[in-house]
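For reference, the structure discussed in these notes is given below.
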């Protein structure tokens, strides 16, 4: 791998910050090949686009376009993937997931690990700060985004 | 419930047929309230829009727009939901799923049932015919759509 996990996370953090600057939920993601090639990046667009289907991971996946295989890809996300995004990772056989933090929210990453996905959690302070601030300031939008 | 399962499935079948007429993968879905109100409907758009994130269920969910809760909603789909779409159903606490058929493909419907989602499989001949014909004619596109 030519890029470190931290370097790949940087792209997702930039996306999360972009989302925050747009008034949205600050979760970003990026899909890389294991050789470090960036396939696509994106961020949660629920607020900006009124689109409940657009989570960070699904937006990055969409922006990567059609791919014949995902086995040699890595999904990098600022936050532990919810069941929706965990299902995406499992269905498309994405080989690895790198997670900025899993303290603010814990989704399906343990289930992914049990099903053969390589899972790395970085406990990144930038990601923790982005989410904890947002959840404190906008609990209603956050709960809407995770179906609570 | 003011609409029968079969009547709700009809909306999903119409979407699947619309997708087929566009040259796409013939999977359709619709999201209803339990009182029979249609919130949104859609179909797989991988081929038409070059969008790998657009499965039947996610397209219907997107077209329904932002909802405060999904507990009293029913996702109706022509085909057993893949892990991606099963994850969507679980994350947003969609209460029930009505499935046209699970013979051509079996996704996460048993996992959903284990996690409290009401699951109904109708073994609908129209759905079986649409998928079996498509899989025979376009195995490459089908495998791409399920990450095989």
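FYI, it's all coordinate maths here, none of it is from the lab. Model, not experiment: these values are computed from the prediction. With ideal geometry, Cβ positions are generated from the backbone for all residues, glycine too; neighbour counts draw on all protein chains shown.
Assorted remarks:
- Each peptide in A:94-103, A:77-86 was scored by the mean count of other Cβ atoms within 10 Å over its residues; highest first, the order is A:77-86, A:94-103.
- Normalised by residue number, the volume inside the convex hull of the Cα atoms of the range A:37-79 is 80 Å³ per residue.
- Protection proxy ranking for B:5-13, A:50-58, using the average of other Cβ atoms within 10 Å per residue and placing the highest first: A:50-58, B:5-13.
- Label point at residue B:34 placed 7 Å out along Cα→Cβ; residues across the range B:42-79 whose backbone nitrogen lies under 13 Å: B:70-75
- Average beta-carbon neighbours from other chains, 10 Å sphere, peptide B:68-80: 1
- Each peptide in A:65-71, A:126-132 was scored by the mean count of other Cβ atoms within 10 Å over its residues; highest first, the order is A:126-132, A:65-71.
- Solvent-free Debye scattering, log10 I(q)/I(0), computed from the Cα coordinates of the protein assembly as shown at q = 0.08, 0.11 Å⁻¹: -0.31, -0.60
- Sequence-separation-based contact order of the range A:19-63, relative, with Cα cut under 8 Å and 6+ spacing, percent: 37
- Relative contact order %, chain A, counting alpha carbon pairs below 8 Å whose residues are six or more apart: 19
- Relative contact order [Cα under 8 Å, 6+ residues apart], the range B:97-136, whole percent: 53
- Extended-chain gain in nm, criterion 0.36 nm per residue less alpha-carbon gap, residue B:106 and residue B:66: 11.6 nm
- The mean count of C-beta atoms from other chains within 10 Å of the C-beta of residues in A:61-67, rounded to a whole number, is 4.
- Binning the alpha carbon pair distances of the range A:28-117 at 5 angstrom intervals from zero yields the distribution 3, 15, 28, 27, 17, 7, 2, expressed in whole percent.
- The mean count of C-beta atoms from other chains within 10 Å of the C-beta of residues in B:88-95, rounded to a whole number, is 6.
- Helix B:5-21 and the longest principal axis of the Cα set of chain B meet at an angle near 30°.
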